[in-house]
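Comments concern the structure below.
The values are calculated or read from the model by the stated rules, or taken from the named source; none is laboratory data. This one's a predicted model, so the numbers in the text were calculated from it and none came from an experiment. Please note: Cβ atoms are built from the backbone with ideal geometry, for glycine as well, and neighbour counts cover all protein chains shown. Keep in mind that these areas ignore ligands, DNA and RNA; they rest on the heavy atoms of the full protein, side chains included. Shrake-Rupley method; radii C 1.70, N 1.55, O 1.52, S 1.80 Å.
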Amino acid sequence: MRKHEQPHAGARMPDTTSPARAGSQLASPSSEFCQRWADGRHTWRHASQGGFDADLYDVVPLDESVARAFVTRHHYSGTYPAGRLAYGLTTLDETLNVDGTLVNGQALVGVAVLSVPMTASVLTNVFPDLEPYAQTLELGRFVLTDTPANAESWMLGQVWQHAADAGIRGIVSFADPMARHREVLEVDDDGNAVRRIEQLTPGHVGVIYQATNGIACGRSTARTLNYLPSRGLVLSERTLSKIRTQDSGSDAAEKSLVAMGATVRRAGQEPREWLRDALAELGVAKVRHPGNFRYAWPLGSRRDRARTRITATRTPYPKADTARIIPTLRPAAPLERTAA
């Protein structure tokens, strides 16, 4: 990165737009609001605010420990994928240092994680001629704290270049159209505990991906999710399977459910029985999901990109049609006690 002067006093953007001020526009999965995160809570910036100055930013490779700490602190899921490469957005603007982490003397304000998906077919269904995990990866997490609008598209462009330099020739990512909500416990002016429903995300069609020339490749397979409405979280089937089979990582998986409010497993209790009861205790519901919108980016030189074959059906960019793309959060079926 070139040497730059510190930002002038007026360089910071106006205060982030709140959901209340944004109003009903936030209900649209392709609205012009940019979502930002801090400690798992979101705020919003409108794209028209602009204010992003690339001269004040850099994108650099990150150690997994740094990336993991940032993502688990700020992303609403509180989880980190099976990451292979991680990159951070850093800035000279010290007023944006929400996290407090410095990388090369600059504030860390965003992280992108290129990860290994649950199955190789997630990658080979799009890039059949490239070696999964070695030449293709999934954009598994992408989170920015309080940065100016439009920072995300610039960051992704830089991440793609870094990934290409590391030998990656294809990236797949998904935009989830399902709106997420969670319960928030607050104390009112009279000292009473009050529960309210907070929108975590209105659902997405991939506006950022479209802005970075991602190739729309239809949708992923429709599936049934293990959804925790109180937190707006989907519990990974991979994680639950580790508990059932007691594979590597099962202890951490159990602890995560306990941290959410499940009772600790009794000594000698059969893992499948405990998981069944824990999911019921947490209020996990089965929710039918129609599939995420899928995007792909061939990377490398112009020649490399031209030679990269994409076999997934190319489709027009999806647009906001809330009646069509956002699935209901009403459980498709009660959680069966025999499902675990």
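Brief remarks follow.
- Looking across the stretch 123-150 at every residue that is touching a helix residue (DSSP H, G or I) at 6+ places or on another chain (Cβ under 7 Å) and among the acidic types (Asp, Glu), the one that is farthest from VAL111 (Cα to Cα) is identified as GLU138.
- Counting the residues of the stretch 189-206 that are assigned to a loop (DSSP other than H, G, I, E, B) and open to solvent by less than 60 Å² (accessible area, probe 1.4 Å) gives 5.
- Qualifying residue in the stretch 77-85 (condition: surrounded by fewer than 17 Cβ atoms within 10 Å (Cβ to Cβ), in contact with a Ser or Thr (Cβ under 6 Å, 6 or more places away or on another chain), at pLDDT below 95 and under 23 Å from ALA151 (Cβ atoms)): yes
- ALA107 fulfils the conditions (1) small (Gly, Ala, Ser); (2) touching a residue at least 24 places away in the same chain (Cβ under 8 Å); (3) touching a Ser or Thr at 6+ places or on another chain (Cβ under 7 Å) except for a single criterion, (2).
- Qualifying position, being within 24 Å of VAL122 (Cα to Cα), surrounded by 13 or more Cβ atoms within 10 Å (Cβ to Cβ) and out of contact with any helix residue (DSSP H, G or I) (no Cβ under 6 Å at 6 or more places or on another chain), among THR308, THR313: THR308
- Scanning the stretch 143-159 for residues that are under 22 Å from ALA69 (Cα atoms), modelled with pLDDT of 95 or more and open to solvent by 10 Å² or more (accessible area, probe 1.4 Å) yields a single hit, GLN158.
- Among the residues of the stretch 223-277, the ones that are assigned to a helix (DSSP H, G or I), open to solvent by 70 Å² or more (accessible area, probe 1.4 Å) and in contact with an Asp or Glu (Cβ under 8 Å, 6 or more places away or on another chain) come to 0 in all.
- Residue match in the stretch 105-113 (condition: open to solvent by 10 Å² or more (accessible area, probe 1.4 Å) and either farther than 20 Å from ARG309 by Cα or modelled with pLDDT of 95 or more (or both)): yes
- Some residue of the stretch 295-308 being touching a residue at least 60 places away in the same chain (Cβ under 8 Å) and within 19 Å of MET178 (Cβ to Cβ): yes
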